[in-house]
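J.: Can you keep this structure in mind? I'll have questions shortly.
The values are calculated or read from the model by the stated rules, or taken from the named source; none is laboratory data. Small disclaimer: the values here were computed from a predicted structure and weren't measured. All Cβ positions, glycine included, derive from the backbone under ideal geometry; neighbour counts span all protein chains shown.
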């Protein structure tokens, strides 16, 4: 497969890079990290005004209608600057779920609000430790309400609504899982912010007590829809991770060229060269897999499931590898609060678990490739 982004898409990437470099500097990330705000509201408003939030949302629902390739290049730039906004939860998860399974009324209600930045959405899937699985869902959904506890929920403390995965029957089958839209400022909803490795990428525990819920999609297709949403989100988040990996590599390279020890730049030492070379190989391999995922996502190809898993695995490995070794290249200074290395290390670890663990996606890749080869 030969794939490359178009000139227009590259121009969009450049535009997003310039905008985010100006409006999301490290000090803005630190402001959220240090608890001055839950997220950068000014940046969120600016992203909406630039059309970045609605780039993949159809025009009839208030978006730009450009497509997923354009969203991929924006996601990469979001990752480069560690933008402290609920981009992944609202755009990769909530908006994708509504576009895939929402009724016309639900799309007309929520998608314009997401595109304009008026509403923040999220996906309430996990119920404690573990990976995505219908067996791990115990929150009940019946008679137009949901009850139970979800945690961690990405951006759950600031979201206006959540797509909640809930059990509608007790036969133990995937068809027992349904999806519901719950407005989080309504009665029967209690939210508690959780501490985590990356406070600039917040999480919350949400307790539902017969909270009013509106079904999303067919009652027996919740898990099927959720699997498709996670695959799409895996590709988009992989681009965010690659953006972070590339920036961590650049930070390490720049420091190696500037830092002098024993009368020579440390980048001339073999050990440092090898660290940087390994980082480059990891990030480049991840980018290749991300491009395959972008092609599969934009064309709704039959290979999307394995392409998404491949992108997710390689991008997670690359970001973790580059963020860790950026610390090493910086030496003792890399572990100080004043240097920005730890910001990327925090985000790499946070995103590594955002959609399920690395081992979960490795198993998904193996299983999906076996199915493909057997068919």
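J.: Quick one: in segment 82-117, which of the residues that are in contact (Cβ under 8 Å) with a residue 40 or more places away in the chain and in a loop (DSSP other than H, G, I, E, B) is farthest from residue 216 (Cα to Cα)?
T.: The selected residue is 82.
J.: Looking at (1) within 24 Å of residue 324 (Cβ to Cβ); (2) within 23 Å of the chain's Cα centre (by Cα), can you tell me which one residue 337 breaks?
T.: Status for residue 337: all satisfied but (2).
J.: Could you say which residue among 20, 33, 71, 47 is outside the structural domain of residue 299 (by TED's automatic domain parsing) and farther than 23 Å from residue 343 by Cα?
T.: Working: 20 fails: farther than 23 Å from residue 343 by Cα; 33 fails: farther than 23 Å from residue 343 by Cα; 47 fails: farther than 23 Å from residue 343 by Cα.
After ruling out the rest, the residue left standing is 71.
J.: Here's something else I'd like to know. Any chance segment 119-129 includes a residue that's in a loop (DSSP other than H, G, I, E, B), at pLDDT below 95 and assigned by TED's automatic domain parsing to the domain that holds residue 149? Give the steps one after another, and end with the answer.
T.: Keep residues of segment 119-129 that are in a loop (DSSP other than H, G, I, E, B), which gives 119-120, 125-126, 128-129.
So of that shortlist, the ones also at pLDDT below 95 come out as 128-129.
Going one step further and asking which of them are assigned by TED's automatic domain parsing to the domain that holds residue 149, we end up with 128-129.
Scanning segment 119-129 turns up at least one residue that is in a loop (DSSP other than H, G, I, E, B), at pLDDT below 95 and assigned by TED's automatic domain parsing to the domain that holds residue 149.
J.: Which of the residues belonging to segment 167-194 are within 22 Å of residue 119 (Cα to Cα) and touching a helix residue (DSSP H, G or I) at 6+ places or on another chain (Cβ under 9 Å)?
T.: Within segment 167-194, the subset within 22 Å of residue 119 (Cα to Cα) is 179-194.
Passing the criteria: 179, 180, 181.
J.: Given the condition free of Cβ contacts under 8 Å to residues at least 12 places away in the same chain and farther than 21 Å from residue 344 by Cβ, answer yes or no: does some residue in segment 23-44 qualify?
T.: Yes; the residues of segment 23-44 include at least one that is free of Cβ contacts under 8 Å to residues at least 12 places away in the same chain and farther than 21 Å from residue 344 by Cβ.
J.: Report the residue count in segment 59-80 for those that are surrounded by fewer than 17 Cβ atoms within 10 Å (Cβ to Cβ) and either touching a strand residue (DSSP E or B) at 6+ places or on another chain (Cβ under 6 Å) or under 20 Å from residue 6 (Cα atoms) (or both). I'd like the intermediate steps shown before the answer.
T.: First, pick out the residues of segment 59-80 that are surrounded by fewer than 17 Cβ atoms within 10 Å (Cβ to Cβ): 59-60, 65, 67.
Keeping just the survivors that are either touching a strand residue (DSSP E or B) at 6+ places or on another chain (Cβ under 6 Å) or under 20 Å from residue 6 (Cα atoms) (or both) gives 65, 67.
Of the residues in segment 59-80, 2 are surrounded by fewer than 17 Cβ atoms within 10 Å (Cβ to Cβ) and either touching a strand residue (DSSP E or B) at 6+ places or on another chain (Cβ under 6 Å) or under 20 Å from residue 6 (Cα atoms) (or both).
J.: Looking at (1) farther than 20 Å from residue 295 by Cα; (2) outside any helix (DSSP H, G or I); (3) under 19 Å from the mean Cα position of the chain (by Cα), which one does residue 35 not meet, given that it meets all the others?
T.: If we test residue 35 against (1) farther than 20 Å from residue 295 by Cα; (2) outside any helix (DSSP H, G or I); (3) under 19 Å from the mean Cα position of the chain (by Cα), just (3) comes out false.
J.: Considering only segment 316-342, state which residues are touching a residue at least 60 places away in the same chain (Cβ under 8 Å) and not in a helix (DSSP H, G or I).
T.: 340
J.: Could you please find all residues in segment 128-160 being under 18 Å from residue 360 (Cα atoms) and surrounded by fewer than 17 Cβ atoms within 10 Å (Cβ to Cβ)?
T.: Of everything in segment 128-160, those that are under 18 Å from residue 360 (Cα atoms) and surrounded by fewer than 17 Cβ atoms within 10 Å (Cβ to Cβ) turn out to be 128, 129, 130, 131, 133, 135, 136.
Condition check ((1) surrounded by fewer than 23 Cβ atoms within 10 Å (Cβ to Cβ); (2) touching a helix residue (DSSP H, G or I) at 6+ places or on another chain (Cβ under 6 Å)) across all residues:
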| position | (1), (2) |
| --- | --- |
| 202 | no, no |
| 215 | yes, no |
| 231 | no, yes |
| 239 | no, yes |
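J.: With (1) touching a residue at least 12 places away in the same chain (Cβ under 8 Å); (2) surrounded by fewer than 24 Cβ atoms within 10 Å (Cβ to Cβ); (3) touching a strand residue (DSSP E or B) at 6+ places or on another chain (Cβ under 7 Å) as the list, and residue 222 as the residue in question, which single condition is left unmet?
T.: Result: residue 222 passes all but (2).
J.: Looking only at segment 313-334, how many residues end up being over 16 Å from the mean Cα position of the chain (by Cα), farther than 21 Å from residue 84 by Cβ and buried (at least 24 other Cβ atoms within 10 Å of the Cβ)?
T.: The total comes to 1.
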